[in-house]
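Structure first, then comments.
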Amino acid sequence: MIALLGIAVVIVGFLIRINPLLVIAAAALATGWAAGFDVVHTLSVLGHAFNANRYVSGTLLIVLPVVGLLERAGLQERARILIGGLRGVTVGRLLFIYMLFRQAMSAIGLATAVGGQAQLVRPLLAPMAEAAAEKEGGALSVETRNTVRAHAAAVDNIGAFFGEDIFLAMASVLLIKGFLEQNHIIVQPLSLSLWAIPTAIIAALIHGTRLMLLDRKLKRAAQGETP
């Protein structure tokens, strides 16, 4: 069980709000030490994993310049104008609809093709959510703006995380299947996918409630009450 020391490092690091990259690096080194690896071997394993998945870095290098050009052309401003012209749009409703959309796309195998923090949340979803908050409560404080942005990032993660396991060919489903088989538990990918459906529904309901509470908090703040 000492090999799980890295998980404790991650939890403590996030609780005290250390730089996430440093936390992950420290967790990897702690896990390697707990498993009996020396520092050189641990770094070698990390380097091999990074090199084997370097297409992820390549994707970011392609996407980020495109997003930058779109933002320079006024993408965020157009998104704000669009939300400003819609009636009945609140931060919670907007983010809840996006979360359901993200779950649905992930459930049919498009978790990485549609949505994402760099591709959609930062350039589109977060500005639209901020515009919805400004429409109801006027100029936002720094704390409120950061709260709205955090919830925009959260719905993308939650939608993708709980939706992707419904797609039986997803790597996460195959990983679960392989782990269970190593422990002599035989299960089919289809069964895992079917059991992921109620989990996704419950996750959507729970976070939908959180978004509804966020709307109430923002409304009270706009009316000058204590959140």
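The values are calculated or read from the model by the stated rules, or taken from the named source; none is laboratory data. These figures come from a predicted structure and were not determined experimentally. We place every Cβ from the backbone using ideal geometry, glycine too, and count neighbours over all the protein chains shown. For accessibility, only protein heavy atoms count, side chains too; no ligands or nucleic acids. Shrake-Rupley method; radii C 1.70, N 1.55, O 1.52, S 1.80 Å.
Annotations for the structure displayed:
- In the stretch 63-225, taking the dipole from charged Cβ atoms about the Cα centre, the farthest positive-side position among A132, A200, A107 is held by A132.
- Net charge of the neighbourhood of G116, taken over other residues with C-beta under 12 Å away and scored Lys/Arg +1, Asp/Glu -1, is +1.
- The figure for F161 is an accessible area of roughly 120 square angstrom, using a 1.4 Å probe on the protein chains alone.
- Rg followed by Dmax, in Å, when the stretch 63-225 is reduced to its Cα trace: 18.2, 59
- Among the protein heavy atoms of the stretch 63-225, carbon and sulfur supply 66% of the accessible surface, probe 1.4 Å, non-protein parts ignored.
- Under the shape rule built on the C-alpha gyration tensor, where the axes satisfy a ≥ b ≥ c, the stretch 142-185 is prolate, since a/c reaches at least 1.5 and a/b is greater than b/c.
- Under 20 Å from the I24 label point (7 Å along Cα→beta-carbon), backbone N, the stretch 101-124: 111-123
- Simple label model, 7 Å out from Cα along Cβ direction - K217 to N183, nm: 3.5 nm
- Residue order for W33, W195 - accessible surface, 1.4 angstrom probe, largest first: W195, W33
- Other residues within the sphere of radius under 15 Å centred on the Cβ of M212, judged by their own Cβ, net out at +4 (K and R +1, D and E -1).
- Solvent exposure of L46, expressed as accessible area, is near 80 Å², computed with a probe of 1.4 Å over the protein chains only.
- Surface accessible to a 1.4 Å probe, K177 within the full protein complex, Å²: 40 Å²
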